[in-house]
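K.L.:
Mind looking over this structure? Questions follow.
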Amino acid sequence: MAPSPTYSSSGSTISSLCSWQERLEEFCRDSQLMPPVFQIVSDRRGGRTAWSSRVTVHGQTLAARFWYDGKNLNNAREDAAERAVNWLATATGQSSNQFWGSW
């Protein structure tokens with residue numbers, strides 16, 4: 001059974017199962033900001049390549065905290081999106097719980 005949706009102060013419905021990328025897009029839409037722009041970056045490490053992501057939103061570029069194997073590129077985007085959501089919530093003086101409830 002899916003959890004019940006939570007409601008933001010703007011009245012839009014966001015499921016607690018939304019990805020960080022979806023939450024970031026919703027935050028930008030609700031705040032009338034330009035959509036986030038993701039960039040994938042790589043770093044050759046010996047015989048392997050490590051992958052990460054950056055996201056630019058509201059004039060700020062935030063990097064994912066971690067590097068990932070190529071098959072986990074979505075995790076890199078999620079990591080960067082989570083950082084961006086938390087930064088935006090702080091920069092706009094709003095609690096992220098105000099938008100997505102407590103999980």
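The values are calculated or read from the model by the stated rules, or taken from the named source; none is laboratory data. Being a predicted model, the structure only gives us computed values, none of them experimental. Cβ: placed from backbone, ideal geometry, glycine included. Neighbour counts: every protein chain shown. Side chains are part of the model used for accessible areas, which takes the heavy atoms of the whole protein and leaves out ligands, DNA and RNA. Shrake-Rupley method; radii C 1.70, N 1.55, O 1.52, S 1.80 Å.
For (1) at pLDDT below 95; (2) at negative phi; (3) open to solvent by less than 40 Å² (accessible area, probe 1.4 Å), each residue gets a yes or a no:
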position	(1), (2), (3)
PRO3	yes, yes, no
SER8	yes, yes, yes
LEU17	yes, yes, no
ARG29	no, yes, no
THR49	no, yes, no
TRP67	no, yes, no
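K.L.:
Can you pull out every residue in the stretch 51-70 that is among the aromatic types (Phe, Trp, Tyr) and in a loop (DSSP other than H, G, I, E, B)?
P.N.:
Result: PHE66, TRP67.
K.L.:
Next question. Being open to solvent by 70 Å² or more (accessible area, probe 1.4 Å) and assigned to a loop (DSSP other than H, G, I, E, B) is the filter here; which residues of the stretch 31-45 pass it?
P.N.:
Hits for the stretch 31-45 are GLN32, MET34, PRO35.
K.L.:
Something else: Could you grab me the full set of residues in the stretch 25-48 that are hydroxyl-bearing (Ser, Thr, Tyr) and farther than 21 Å from LEU73 by Cα? Steps first, please.
P.N.:
Of the residues in the stretch 25-48, the ones hydroxyl-bearing (Ser, Thr, Tyr) are 31, 42.
Residue satisfying the conditions is SER31 alone.
K.L.:
Out of the residues in the stretch 83-101 that are touching a Lys or Arg at 6+ places or on another chain (Cβ under 9 Å) and open to solvent by less than 50 Å² (accessible area, probe 1.4 Å), state the one that is modelled with the highest pLDDT.
P.N.:
Looking at the filtered set, the residue picked out is VAL85.
K.L.:
Any residue in the stretch 26-50 that is within 16 Å of ALA80 (Cβ to Cβ) sitting within a Cβ distance under 7 Å of a residue that is modelled with pLDDT of 95 or more and of a type in the set (Lys, Arg)? List the pairs, counting only those 6 or more apart or interchain.
P.N.:
What qualifies is PHE38/ARG77; GLN39/ARG54; VAL41/ARG54.
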